[in-house]
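Since every read-out is calculated from the coordinates, none of them should be taken as a lab result. Because the structure is a prediction, the values reported are computed rather than measured. We place every Cβ from the backbone using ideal geometry, glycine too, and count neighbours over all the protein chains shown.
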Amino acid sequence: VNQSFVIYFRVIASDNNKYWIGFSGNIKNTISKTKREFTRNQIYNTTEILMQENVISAFNLGFEHLKLNVMQIDCVRLRGSDQNINAIYFEFKFI
């Protein structure tokens, strides 16, 4: 809701379960969390966004109570807004 975009990374953790780590452009800075998903919402006041995020650190923050390690990132998913249907150009790299 009210998201201009969400970038999700699906990780396989050391318990062999899959979890989603999300980074969202939103109208407020919040965190959304379920049993298998952790999304950090952030306000971006521009149309061009450069994000540098540590997926493993975000996993540890969102699921610290599980005491698990990220073994693999197996999927990247991008979801745009259903209100703002402008083109989204997406590029990522792991460093």
How large are Rg and Dmax for the chain when calculated on the C-alpha trace, in angstrom?
13.5, 40
Would you mind counting up the charge near Y89? Only other residues with Cβ under 15 Å from its Cβ, with Lys and Arg at +1 and Asp and Glu at -1.
0
Relative contact order [Cα under 8 Å, 6+ residues apart], the chain, whole percent:
34 percent
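Cβ neighbours within 10 Å, averaged per peptide: list 74-81, 49-56, 11-18 in order, most packed at the top.
11-18, 74-81, 49-56
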